[in-house]
1. So, in the range 1-35, how many residues would count as being within 16 Å of the chain's Cα centre (by Cα) and among the hydrophobic types (A, V, I, L, M, F, W, C)?
2. Give just the number: which of (1) on the phi < 0 side of the Ramachandran plot; (2) among the polar types (S, T, N, Q); (3) at pLDDT 95 or above does N193 not satisfy?
3. Please specify each residue of the range 204-217 satisfying the condition of being closer than 15 Å to D253 by Cβ and in a loop (DSSP other than H, G, I, E, B).
4. Considering (1) of a type outside the set (S, T, N, Q); (2) buried (at least 18 other Cβ atoms within 10 Å of the Cβ); (3) closer than 21 Å to N366 by Cβ; (4) in contact with a Lys or Arg (Cβ under 8 Å, 6 or more places away or on another chain), say which one G246 fails and leave the rest.
5. So, restricting to helices (runs of 4 or more DSSP H) that lie completely within the range 240-347, which ones have at least 3 residues that are over 21 Å from the mean Cα position of the chain (by Cα) and either assigned by TED's automatic domain parsing to the domain that holds L115 or within 18 Å of I398 (Cα to Cα) (or both)?
6. Looking at the range 376-388 only, could you name the residues that are among the small types (G, A, S) and either modelled with pLDDT under 95 or buried (at least 22 other Cβ atoms within 10 Å of the Cβ) (or both)?
Amino acid sequence: MLKKAFIPFKGYYSSPFSRWQGTLQYENSIVLGATTAKRWLESKGWDPTLYEYVVFGNTIGQHHQFYSNSWAAAMMGAPHVSAVTISQACTTSTTCIWTAAMGVENGLYSVVAALMTDRCSNGPHTVWPNPLGPGGEVISENWLMDNFNADPNVGLRMIETAENVAKEGGFTKEQADELSLHRYNQYLMALENDREFQKRYMFPVEIRMSKKKTVTVEEDEGIMPSTAEGLAKLKPVIPNGVLSFGAQTHPADGNCMLTVCTEEKARELSADPSVPVQVISYGFSRAKAGYMAAAPVPAANMALERAGLKITDIKAIKTHNPFIANDLYMGKELGVDPKGTDATSFNDYGSSLVYGHPQGPTAGRNIMEGIEEVAAKGGGYLLWAGCAAGDTGGALIIKVG
């Protein structure tokens, strides 16, 4: 349990998420993330040199990946600082924030940027030497799709691991469709009153198309409308399964950044010093092989135990849910309504199931949405939990107010 690590209220942003092969498909995500962070800092009147370290998170290699962390720090306006890259699939943001928080807790630095960015679109194709292959034939890998479709540890597609959890939980397609529709309707809440909720944390990205043309992306791209009738008509992706394409997320592109610092610095930088945001505890897990969607539960339990809290103490739950089986299972195992209640909301204003999954920045956006939710409710504890490739999971507890 940490006591000294804070996030300034509004000391964060997320770009909109763009469905893969959309507007952001050709942008180097390292460059786009760093330059968007620089523009955001300029909009707040913050000098980038206030940062003493950068924790950089990405999972899908880009041109100049070797220099990704230090290059990103320089492009965002902090060429004086050192940096590190963290890659942990879908829990990358969570581990970046926790790494930054531990550094603050231990006095290693007082202000650090956790910058996460990824581009699922047009992922790299790697070629590995294979001198013993016939005719010296190489080993090739599509960085994104080959890994989505086969965990080398168990040989299963990610959706197959989710179906294993759905079967173990005894869930039906009707339950999956019902909760998927509820998640979509929750996302629509974020669009009410001219996107009032999203504008609390979302910052547009700019794409230079030519010397004379710049495109600004202000909203999520590629959201698929859902209806009960439409979901009912979709067949399960795997025969005899329960998860259709409407009950899973889609690859996306985007970036985000959070500032992690001391309590004193957080008060100085906060948009409202009366709303302290404190990083409390972290949890991690590895589910049994081939059951990735179950991993958030033991991670959440670890984070709760380390914080000395019970699930009933939590004001808002946010999850990375690449498959709706994640939330069905988590609700059942933790004894909470996956649709949420007045006492504990569950993915209000949407989740990655609906607005997409750019890998590195996904959890970061989830978390800042959760901070805004809890602040609007007058304060309390936020629990974020999510799964990641390799049947692993992560969780983070943040106290707001």
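The values are calculated or read from the model by the stated rules, or taken from the named source; none is laboratory data. Bear in mind that the values here come from a model prediction, so they are computed numbers and not experimental data. Heads up, the Cβs are rebuilt from the backbone with ideal geometry, glycines too, and the neighbour counts pull from every protein chain shown.
1. Number satisfying all stated conditions: 2.
2. (1)
3. P204
4. (4)
5. 263-269, 296-307
6. Those that are among the small types (G, A, S) and either modelled with pLDDT under 95 or buried (at least 22 other Cβ atoms within 10 Å of the Cβ) (or both): A385, G386, A388.
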